[in-house]
Every structure is written in C-alpha cells, then in structure tokens.
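A short worksheet on the structure shown next.
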Amino acid sequence: MLKRLLVVLLLLLAFAYMVFAALNYAHQPNTVVCSDVCIEIKNDALQTFVKPEDIERILRQQNLFPDSSKRTSEVDFDALEDLLCKHRLVERAECFVSPSGRLMIHVWQHQPILRVVAANDQYYVDVNGRKTALSNHSAADVPVATGFIRDSVCLDRLYSLAQLIRTNETWDDFIEQICVEADGGWTLIPRIGDFELYLGQPIHLERKLNRAVSFVRDYLPQMGWDRYSKIDVSFANQIVCTKND
C-alpha cells in the first residue's frame, strides 16, 4: 500500500513539474533576449547543397536575421520560415526558441534524384517531383536527363524513371544519363562501357530495364564490353544489338 502511494505521489510531482515547465517556457519569449542563433541543416549527411552561411545570408539580405539585442518575442518566426522555404534549395524550415533564448533554425534541403539539362535551363528534380536549383557547393550523384525535354508530360515520365532507378541499387549504379530523342524514344548511357541502351518509347520501363541490365550483367562481360555500340530493348521478348565497326 505504501509503495503504491509513493508511486502515485511521484507521478503527481512529475506532472506538476511538467505543467510548471510548460507555463514557464510559454512566458519566456516575452522577456528573453535572443542570446544566439543556431542554424542546422538537418539532412546533409550524404551531400550538402545549402550551408548555414547561405541561410544567414538570405535572412540578412531581407533584414530578418535577429541580432543579440532583439527579444525573442520580436522575432517573426512565420516570416523567417516563409522566406527560407521560397529558396529553391530549401524544402522545409522550422524556427523556434530554446528555453535559454537561443533561436534555432532547422532547415531541410531538397533531395535530388534527377538532374535535367534542358535547352535553356538546368535544374534538379527532387524525390517529390519538384524542381529545385543547382547548388554552388556540390553536385548530386544522380542520373542526368538531356535532349528534347519539351513538356511536363516528358518531365513526369523522367521523374518516374528516376524513382525506379533510385529504388534499385543495380540500376542506380549502372545508369548515368537518359537521352530523350527527337522522336520521343529514350536512350540510356551506362556508367561503364562504350555503348548505348535504347529503350524506345517510355512505356513498360521497369520490364525494359530488367532485360537491359540482365543482358549487360550476364552476357556482355563474356562477349566483351566493346563488342556492341547499341543494345536495343524496345521490342518485346527480344534484344537487338548493333556491333561496333
């Protein structure tokens, strides 16, 4: 019985502390001076496309970077987040104040899965299918799409292919470039070998990729990597190869 009462008492004390801490924190921003600004890029483990100094420069250009004399209650968090999210390298931003008065700015950068080199523009397409800018800091190791990329339908199909590639480690290691031909057919340029893989029209892509990669992996090493200049998997149930001269 005594043990049960002690447990109940401890739970009540813990609850009371949580309520006190929450109320205390809720009132702090009205009086606490901004002691420091901490900018963190939360998803830069693999590659860095935007750096903390870029974020600071963006905020300073719009006079939104808080100095040490500003109270945290005077910081417009919505304006900070809205401004950062307009940047083409930033996917999401969160701003908040720590109990010590430190302004925390957490930024998530876009994660590219495809680089598009169009007639008058270059950009990435991220995992959600959104266009995002190239970075001055690093280049994403993703397939590059070139050629006659004329409309959003073609871009949507390229995004679907890029999604297929990224979910298959073999394809991801193998495919370097996607060329959109004038007639609408697609040609893949592999990372190894001096040949082209012709897919034809962008339909049944997964089936065609499986046949192409299986042929290259299982047969080409025996025949020689320079034996063919073109491997055509656009036809059903057959692969047509063009020999090098």
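The values are calculated or read from the model by the stated rules, or taken from the named source; none is laboratory data. No experiment lies behind these values; they were computed from the predicted model shown. So basically every Cβ, Gly included, is an ideal-geometry build from the backbone, and we count neighbours across all protein chains shown.
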Inset, instruction - Within region 158-180, count every residue that is surrounded by 19 or more Cβ atoms within 10 Å (Cβ to Cβ) and either assigned to a helix (DSSP H, G or I) or on the phi > 0 side of the Ramachandran plot (or both). - result: 7
Legend entry - region 222-245, subset surrounded by 13 or more Cβ atoms within 10 Å (Cβ to Cβ) and hydrophobic (A, V, I, L, M, F, W, C), residue modelled with the lowest pLDDT: W225
Legend entry - Tally, over region 99-128, of residues that are within 14 Å of D156 (Cα to Cα) and polar (S, T, N, Q): 1
Legend entry - Subset of region 65-94 (residues that are of a type outside the set (G, A, S) and assigned to a loop (DSSP other than H, G, I, E, B)): F65, P66, D67, K70, V75, D76, K86, H87, R88, L89
Legend entry - Residue count for region 196-208, restricted to those that are of a type outside the set (A, V, I, L, M) and in contact (Cβ under 8 Å) with a residue 40 or more places away in the chain: 2
Inset, instruction - Return the residue satisfying two criteria in turn: it lies in region 195-218 and is touching a Phe, Trp or Tyr at 6+ places or on another chain (Cβ under 7 Å) and assigned to a loop (DSSP other than H, G, I, E, B), and of such residues it is farthest from A236 (Cα to Cα). - result: F195
Inset, instruction - Out of N63, N128, report the one residue that is among the polar types (S, T, N, Q) and outside the structural domain of C179 (by TED's automatic domain parsing). - result: N63
Inset, instruction - Exactly one condition in (1) part of a helix (DSSP H, G or I); (2) among the basic types (K, R); (3) loosely packed, with under 14 Cβ neighbours inside 10 Å is not met by R150; state its number. - result: (1)
Inset, instruction - Would you check if there is a residue in region 95-103 being in the same structural domain as I39 (by TED's automatic domain parsing), out of contact with any Ser or Thr (no Cβ under 9 Å at 6 or more places or on another chain) and assigned to a strand (DSSP E or B)? - result: yes
Legend entry - Residue list for region 104-129, restricted to those being in a loop (DSSP other than H, G, I, E, B) and either surrounded by 14 or more Cβ atoms within 10 Å (Cβ to Cβ) or out of contact with any Phe, Trp or Tyr (no Cβ under 9 Å at 6 or more places or on another chain) (or both): H110, Q111, A118, N120, D121, V127, N128, G129
Inset, instruction - Please work out if V127 is of a type outside the set (F, W, Y), at pLDDT 95 or above and within 30 Å of V50 (Cβ to Cβ). - result: no
